[in-house]
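The values are calculated or read from the model by the stated rules, or taken from the named source; none is laboratory data. None of the values given here were measured: they were computed from a predicted structure. As a convention, Cβ positions derive from the backbone with ideal geometry for all residues, glycine included, and neighbour counts pool all protein chains shown. The area values use the complete protein model at the heavy-atom level, side chains included, leaving out ligands, DNA and RNA. Shrake-Rupley method; radii C 1.70, N 1.55, O 1.52, S 1.80 Å.
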Amino acid sequence: MALSFLDREHTVARPGYSRWLIPPAALAIHLCIGQAYATSVYKNALVTHFESSLTAIGVIFSIAIVMLGLSAAVLGTWVERVGPRAAMFASACLWASGFLVGALGIATSQLWLVYLGYGVIGGIGLGIGYISPVSTLIKWFPDRPGLATGMAIMGFGGGALVASPLSRQLMAFYDSGYDPADPTSVASGSSVTSLFVTLGTVYFLVMMLGVFTVKVPPPGWSPAGFDAGAVAAKPMVSTANVSAANAIRTPQFWLLWTVLFCNVTAGIGILEQAAPMIQDFFRDGDTSSVAPTTAAGFVAFLSLFNMAGRFVWSSTSDYIGRRPTYIMYLGVGMVLYVLLATVGHLSTLVFVLVAAVILSFYGGGFATVPAYLRDLFGTFQVGAIHGRLLTAWSAAGIAGPLIINGFLDAQGTPGELVAADYRPALFTMVGVLALGFVANILVRPVAERFHEAPSRTDAFTEGKV
Amino acid sequence: MPEQTTEQPAPEPTANQVPRLIVTWLVVTAPLAYGLFQTVKGVVPLFAE
């Protein structure tokens, strides 16, 4: 069959295959799907084109993120069964098709087609793509799983850094009347159509690089000098395997779900209002000492820390352990939120640095969780378990903005507030982090009754079940 | 029933992998470097005041 190269048995690496080819394969996928966080670039253009509201256009992104969580949760076991190459190929087809159907929707002024294309079809591609390289990376890097998954998930953060300026430049190329340097300039609908077609095509080609490069290690492979016994001897690291179906029956899964939910909710609290927040913190009467361009620079600074935190903290977790790493994210995070609320308004530098470290913990929380899952549930179906855990992300994506906007709406309008108006929301985030902190402290190794028999895990790996 | 033999696949030649490593890493790091450069340019106003 023409597509037989996608089969798991055709992706088993020959002896000597460099494992350093796997991180770029994973990055090729995550850099492309990370575009999902750059949708604000053409938001105003779509509002004007469809003569619609910001809310109606924002629904496109919301559908995509909901579909990401749902498809990762529902299709996780399928991804584990068919292997990374078939999953990456499916992700590339869906992600690119999403752009093309979305482009058709913009060209024909049918907003529902954009919902269906970018939101539903692209969103499923997002979910499959996000989890597709995770278990493969963990199997290739049993000695450094945090580093390996940190690299891939850093790519998701990096994808937005690439897509934002690239989209602006492409829209300017397709629409000579659009000036990307002028915040009031709005691109035409036809330029967004062309942008979607271009991104869909380019992303498909880059993702194919990942498809053709990724391979799974041969059964029993381990890197030179790797001592599995030394890793298993670390506290909270198990050599046993737990299936995805059993994992969700364990308290450990739900404790980790709570940890991820709380960490993401708290991070979104800052991300959601970053630009108006810094201006409000340094407001004197009607005027803020922070100009809009400086506020935009603050948002860019946060995105750098969000991305760097994914790699740095996740890699660090290989040395200090997963639970201590989350103690840092949540415990130090609480202290930083208190500092932000109480002394953040005294110095711009203090405000910026504290917020940046909080955002690095937000990114780090995403990147460290696959390795935490590997430690607790083994490598057997870690990708599928990760997919189910990502529902915490979707839930936090709703809870975080609801909490912060709920408190701020009661005080007035963001962009016209002062530092004190943010305190109730920030102290609530301290409470959210405290909940996650307790959940993390309660995590213990998974009970033996949930472990899989080695014969079943071997059969699954070989595609026999 | 024919006897089943376990064939050991030929090892991956190391020399062939070097260009592949360079190309794959370039494809992902070049756009990332572009994105980082553009973002750092955007950060400048934050520290220019």
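Under DSSP H, which helices of chain A have Cα atoms covering 27 Å or more of the helix axis and a Kyte-Doolittle average no less than -1.0?
Result, helices passing both filters: A:54-82, A:84-107, A:145-174, A:189-213, A:251-271, A:292-320, A:348-377, A:391-411, A:419-441.
So if each residue of separation counts as 0.36 nm, and I subtract the Cα-Cα distance between A:Lys43 and A:Thr239, what length gain in nm does that give? Please report the intermediate quantities before stating the final value.
Details: separation 196, 0.36 × 196 = 70.56 nm, distance 4.73 nm.
Full extension from A:Lys43 to A:Thr239 adds 65.8 nm.
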Surface share of carbon and sulfur [accessible, 1.4 angstrom probe, percent] for the protein assembly as shown: 66
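In nm, what is the difference between 0.36 nm times the number of residues separating A:Gln169 and A:Ala228 and their Cα-Cα distance? Intermediate values should be presented prior to the final figure.
Values: separation 59, 0.36 × 59 = 21.24 nm, distance 4.89 nm.
Full extension of this stretch gives 16.4 nm more.
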Rounded, prolate or oblate (a/c below 1.5 giving rounded, otherwise prolate when a/b exceeds b/c) for the range A:18-213 by Cα gyration tensor: prolate
Positive-pole candidate from A:Gly58, A:Ser167, A:Leu70, dipole of the protein assembly as shown, charges at beta carbon: A:Leu70
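Report the semi-axes of the equivalent ellipsoid for the range A:228-450 in whole Å, largest first, where each axis is √(5λ) for an eigenvalue λ of the Cα gyration tensor.
Working: eigenvalues 259, 54, 36 Å².
Here the semi-axes work out to 36, 16, 13 Å.
For the protein assembly as shown, give the magnitude of the charge dipole about the Cα centre (Cβ charges: +1 Lys/Arg, -1 Asp/Glu; no others), in debye to the nearest 20.
Working: 25 positive and 26 negative charges, 212 e Å.
Dipole about the Cα centre, nearest 20: 1020 debye.
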Computed Rg/Rh of the range A:104-152, alpha carbon atoms with Kirkwood Rh: 1.32
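Given +1 on the Cβ of Lys and Arg, -1 on the Cβ of Asp and Glu, and no further charges, what dipole in debye does the range A:18-213 carry about its Cα centre, rounded to the nearest 20?
Working: 7 positive and 6 negative charges, 124 e Å.
In total the dipole reaches around 600 debye.
Please compute the per residue accessible area over the protein assembly as shown with all protein chains in place, 1.4 Å probe, rounded to a whole number of Å².
Values: 20540 Å² over 514 residues.
Ligands and nucleic acids excluded, the figure is 40 Å² per residue.
Ratio to report: Rg/Rh of the range A:24-124, with Cα atoms as the point set and Rh obtained by the Kirkwood method; give two decimals. Could you put the intermediate results ahead of the total?
Numbers: Rg = 14.2 Å, Rh = 14.1 Å.
Checking Rg against Rh, the ratio lands at 1.01.
So what is the relative contact order of the range A:228-450, in percent, for Cα pairs below 8 Å that sit 6 or more residues apart? Let's see the in-between values first.
Details: 316 pairs, mean separation 93.0, N = 223.
Here the relative contact order equals 42 percent.
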Rough spin-label spacing in nm, given labels placed 7 Å along Cα→Cβ, for A:Val350 and B:Val40: 2.9
Summed buried accessible area for A+B [probe radius 1.4 Å, Å², rounded to 100]: 2800
Separation of the A:Ala434 and A:Leu54 label points, Cα + 7 Å toward Cβ, nm: 3.3
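Calculated FRET efficiency, B:Ala48 and A:Asp179, Cβ-Cβ r, R0 30 Å, to nearest 0.05?
Working: r = 21 Å, r/R0 = 0.72.
Approximately 0.90, to the nearest 0.05.
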Among A:Gly105, A:Met236, A:Pro23 the positive-end extreme of the charge dipole of chain A (Cβ point charges): A:Met236
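What does the charge count around A:Pro23 come to, taking other residues whose C-beta lies under 15 Å from its C-beta (Lys +1, Arg +1, Asp -1, Glu -1)?
Values: positive: A:Arg19, A:Lys139, A:Arg144, A:Lys215, A:Arg310, B:Arg20; negative: A:Asp143, A:Asp318.
Once positives and negatives cancel, what remains is +4.
Students often check this: by mean Cβ neighbours within 10 Å, which of A:172-183, A:133-144, A:13-24, A:66-77 ranks highest, and how do the rest follow? It would help to have the intermediate numbers written out before the result.
Numbers: A:172-183: 13.4, A:133-144: 24.9, A:13-24: 18.3, A:66-77: 22.3.
Going from most to least packed, we get A:133-144, A:66-77, A:13-24, A:172-183.
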Solvent-accessible area lost in complex, 40 Å² minimum, residues of the range A:10-56 relative to chain alone, 1.4 Å: A:Arg14, A:Pro15, A:Tyr17, A:Leu21, A:Pro24, A:Leu31
Spin-label model distance (nm) - A:Glu448 vs A:Leu205, 7 Å beyond Cα toward Cβ: 5.7
Lysine pair count for the protein assembly as shown [Cα-Cα under 26 Å; pairs on different chains or 8 or more apart]: 5
Unit Cα scatterers, Debye sum, chain A: log10 I(q)/I(0) for q = 0.06, 0.12, 0.13 Å⁻¹: -0.26, -1.04, -1.20
